[in-house]
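Have a look at the structure below before the remarks.
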Amino acid sequence: MIEFQSVNKWYGSLHVLRGINLRIEKGEVVVVCGPSGSGKSTLIRCINRLEPIQSGEILIDGKRLSDPSLDLTALRAEIGFVFQQFNLYPHLSAMENIVLAPMKARKISRPEAEEIATRLLERVGIPDKAASYPANLSGGQQQRVAIARALAMQPKIMLFDEPTSALDPEMINEVLEVMSDLAGEGMTMAVVTHEMGFARRVAHRILFMDEGQIIEEGSPQTFFENPSSPRTKQFLSKILSH
Amino acid sequence: MDFTVVAKNIDFLILQGLLGFGNFVGGTFRLAIPAIVLGFILGIFIGLARLARTPWIRIPAMVYVEFFRGVPLVMVIFWFWFIIPLLLRVPLPEYGVALTAFVVFEAAYLGEIVRAGIQSVARGQAEAAMSTGLTPAQTMGYVILPQALRNMIPALVTQFIVLFKDTSLASIIGYVDLTKAAEIVNNREIRPFELYLFIAVVYWLCTYSMSRYARYLERRLTPG
């Protein structure tokens, strides 16, 4: 479903992705972890071309991202993206945040879009917040609205870029629960996160990145219990020690 | 002090000078309101052009802004008054000259306000909108501009107030605005203190209502 073929990316002279090869299958949940600056956010931001790449190729459902005739807008409509900072539209209510793209990009009528949005708000556990503005929602509620907004386009793939890193500890679980449910329903997901409990329970495969490369890749069991690279062991000992 | 001079000439001062109804070409409102509306529309295009990725859109817009911000308004008015008719070989009416000069000049300032306003909206907003499948134009129209416009209100209104007061400069080409009307009356009556105090109050009342309305608008557009 998602394929990276020797992808390289530079920010100026900084080589942030070094020859990445990766396949994510339909229905697979892949967690990407690694120290900050390792390129993990960049990696998933390349999937819907929020970041351009300088060499190599990324294919989504067999479509090349570098193809000049590619309809990028249509492709992005199929890929949900959830940001660390939520990025809800502050001038719109939760309901309006969710219905905007279905109405404008998919030309769905307002009543129909609102019906979808109401169902999604129920699904993420905040049916009573439809009329609230982002400023009046907690971080965890905002992130759940953001997930509902992405789901409203009925995407085939969901990408999460450190979805819980900006949240207070007591709100992390409410977001992770929504994500676990989604994974349980068979959504194809790529998740950048430091939540190792989530990775262990939900991921089919864990990637460990360092300095722009994927240096470890495996099932949660092998990843946590029998990592091959010393760099991975060092990382795990740091984050699992307490 | 004898304000009967104002009462006696109130029709001329207000109808001719402020509103533009009378025997002369003039009117502060008749110049300021279209200049604000048209200047703002042109300013939005210039602000967007300043942010364009293509250099041959961005650079001309930048040159335009830098140029018109760097020359005095009076000079721009004189140009349109003296030079354009020479080039086109047709005489231009005072109103057309004054309005064009103001729109062209103010659009440079308003364009910069629009650019800064758009840039004040966090980049994540555009990323979020485009990630949900909105086109760049829809992203600008539904997500970026509504937030940018709200952030721009204080700077915009300041510029509108400056423009409103600057319309008094149109009197140098014979446009009978409020200032020119007071001058005409004063030449006949020699009551400078009363007349210029009166128009000061009129200008102030107009600009103060503009800033009050701006404050109301800003509050109303604050979400939540």
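Laboratory data are not the source of any read-out in this text; all were calculated from the coordinates shown. Worth saying up front: this structure is predicted, and the values here are computed from it rather than measured. Methodologically, a virtual Cβ is constructed for each residue, glycine included, from the backbone with ideal geometry; neighbour enumeration extends over all protein chains shown.
Farthest towards the positive end of the charge dipole of chain A, among the residues A:F160, A:I239, A:V178, is the Cα of A:F160, using unit charges on the Cβ of Lys, Arg, Asp and Glu. Look at the stretch A:63-75: the mean tally of other chain Cβ atoms within 10 Å of its residues' Cβ atoms is 1.
With respect to chain A, whose longest principal axis is taken over its alpha-carbon atoms, helix A:139-151 is tilted by about 90°. A straight Cα-to-Cα reach below 18 Å connects B:K165 with the lysines B:K180, residues fewer than 8 places away in its own chain not being considered. Quick check on region B:4-221: take the gyration tensor over C-alpha atoms, sort the square-rooted eigenvalues as a ≥ b ≥ c, and tell me if it's rounded (a/c under 1.5), prolate or oblate. Because a/c hits 1.5 or more and a/b fails to exceed b/c, region B:4-221 counts as oblate. Extending 7 Å from the Cα toward the beta-carbon at both B:A7 and B:V71 defines two label points whose distance is 4.8 nm. Each Lys or Arg adds one and each Asp or Glu takes one away; over the other residues whose Cβ falls under 10 Å from the Cβ of B:A108, this sums to -2. FRET efficiency for the A:N173 to A:R110 pair, using the beta carbon distance and R₀ = 35 Å, is estimated at 0.55. Placing unit charges on the Cβ atoms only, positive for Lys and Arg and negative for Asp and Glu, gives region B:4-221 a dipole magnitude near 460 debye about its Cα centre. Would you please classify the overall shape of region A:151-209 from the alpha carbon gyration tensor, given that a ≥ b ≥ c denote the square roots of the eigenvalues, rounded means a/c under 1.5, and beyond that prolate means a/b larger than b/c while oblate covers the rest? Taking the square roots of the gyration eigenvalues as a ≥ b ≥ c, region A:151-209 is oblate. Only lysine pairs 8 or more places apart or on separate chains count here, and in chain A those with Cα atoms under 29 Å apart total 23. Counting Cβ atoms of other protein chains within 10 Å of each Cβ in B:133-139 and taking the mean gives 6.
Using the Cα centre of region B:1-84 as the reference point, and only Cβ charges (+1 on K/R, -1 on D/E), how large is the resulting charge dipole? Debye, rounded to the nearest 20. Walk me through the numbers on the way to the answer.
Working: 6 positive and 3 negative charges, 88 e Å.
It works out to roughly 420 debye.
Between rounded, prolate and oblate, where does chain A land on the alpha carbon gyration tensor, with a ≥ b ≥ c its root eigenvalues, rounded for a/c under 1.5, else prolate if a/b exceeds b/c? It is oblate, given that a/c is not under 1.5 and a/b is not larger than b/c.
Let me check I've understood the local charge: for A:A131, count other residues with C-beta under 12 angstrom from its C-beta, Lys and Arg +1, Asp and Glu -1. What total comes out? Every neighbour counted, the sum reads -2.
Between 0 and 90 degrees, the angle of helix A:94-105 with respect to the longest Cα principal axis of chain A falls at about 80 degrees.
At an R0 of 25 angstrom, the distance between the Cβ atoms of A:L59 and A:S228 translates into a FRET efficiency of 0.35. Working note: 222 nm ellipticity from helices only, DSSP H runs with n ≥ 4, each -39,500 (n - 2.57), summed and divided by the residues of chain B, gives -22500 deg cm²/dmol to the nearest 500.
Look at the stretch A:85-93: the mean tally of other chain Cβ atoms within 10 Å of its residues' Cβ atoms is 6. Charged side chains reduced to their Cβ positions (Lys and Arg at +1, Asp and Glu at -1) give the protein assembly as shown a dipole of some 640 debye around its Cα centre.
Helices meeting the span-like rule in chain B (full DSSP H runs, Cα extent of at least 27 Å along the helix axis, mean Kyte-Doolittle score of -1.0 or higher): B:28-50, B:94-119, B:145-166, B:192-220.
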